[in-house]
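> Attaching a single structure in structure tokens format; questions to follow.
What follows is calculated from the coordinates using simple rules that are stated; it is not laboratory data. Since we're looking at a predicted model, the values are computed, not measured. Because the Cβ atoms are built from the backbone with ideal geometry, glycine has one as well, and the counts that use them run over all protein chains shown.
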Amino acid sequence: MAGIIIIMIGLLISTVDINAVALCAYPEYKMVYDDLDLGEVIQKYVVNNMLGKNLYLDIFPDILGYVFIAVGTAMLIKYNKKFIRVYIPLIITAALYIFTDVTPFLYTGKKLIVYALAASFIQLIVEIYMERRLIYTIADTTSDLPNERDTVLMKFGWVGSALCRAFLYFIVLVGLARWIIITYAVVQLAFMVFCIHRMFRCRHYLSVIK
């Protein structure tokens, strides 16, 4: 039961993104004009919209959320060995999250654009995969006839959150209006809160799967 609550906290932390404090400024980016494969628009999208000018401290750091998920998952392994499979994508997600944030300090020019864009996109895919594996394993482990409705609604809430996250990635990248980004972020959070609420209702149905 405690494991599910800790996972709930981790999912909530990793969903809420509020940049509070600028830790340091990224090195100034110099546009690449002589590369036909690297357009100016893509460079501006990545540098200005996705990375920004500063490395920020998030009020709710995703890394902290991943730690909570890891701890909570460890507490649920005794119920279902399939929870072990959450760890590889979780570790990859955490590593790519850190790597994307520090790429402006490691690379310049074309390498920065290619590595930052690739790392952030792969992180998005792997994180969604990790969460799906986690949510669906919890649903299987708490599957019981009286709880069937809540497990289905928990999956529904997560699917809505995952779709919003995918849209958010692209609308942030292309730099759409701030109000559009905030709207999608709020809707994503609402779906995740709904998912977490149903997960909380499932906690009493944990049973060992052999």
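> Around residue 163, with a cut-off of 13 angstrom between Cβ atoms, what is the net charge of the other residues, counting Lys and Arg +1 and Asp and Glu -1?
Its environment carries a net charge of +2.
> What net charge do the residues around residue 61 carry, taking every other residue with its C-beta under 13 Å from that of residue 61, with Lys and Arg at +1 and Asp and Glu at -1?
Surrounding charge for residue 61 is -4.
> Add -39500 (n - 2.57) for each DSSP H run of 4 or more in the chain, then divide by its residues: what number comes out at 222 nm, to the nearest 500 deg cm²/dmol?
-22500 deg cm²/dmol
> Of all alpha-carbon pairs in the range 112-186, indicate the percentage at a distance above 21 angstrom.
43 percent
> A follow-up question, please. Would you mind ranking 35, 17 by Cβ crowding within 10 Å, fewest neighbours first?
Going from sparsest to densest Cβ surroundings: 35, 17.
> In addition: Which of the DSSP-defined H helices in the chain satisfy a minimum axial length of 24 Å, computed from C-alpha atoms, and a minimum mean Kyte-Doolittle hydropathy of -0.5?
Helices passing the filter in the chain: 87-106, 109-141, 148-173, 178-202.
> Net charge around residue 104, counting only other residues with Cβ within less than 10 Å of its Cβ (Lys, Arg = +1; Asp, Glu = -1)?
Net of charged neighbours comes to -1.
> Starting at 0 and stepping by 10 Å, how many percent of the alpha carbon pairs of the chain end up in each bin?
8, 32, 32, 18, 8, 2, 0
> Cβ neighbours within 10 Å, averaged per peptide: list 138-151, 184-197 in order, most packed at the top.
Averaged packing, sorted descending, gives the order 184-197, 138-151.
> Please work out the Cα center distance from the range 126-186 to the range 12-44, rounded to the nearest Å.
Their Cα centres are 25 Å away from one another.
> To the nearest 20 Debye, how big is the dipole of the chain about its Cα centre, given +1 on the beta carbon of each Lys and Arg and -1 on that of each Asp and Glu?
Charge dipole of the chain: 700 debye, to the nearest 20.
> For the chain, calculate the relative contact order in percent as a whole number, restricting contacts to Cα pairs under 8 Å that are 6 or more residues apart.
Once normalised by length, the contact order is 27 percent.
> Which one, 129, 73, 29, is farthest towards the positive end of the dipole of the chain when Lys and Arg carry +1 and Asp and Glu -1 on their Cβ?
Sorting the options by dipole projection puts first 73.
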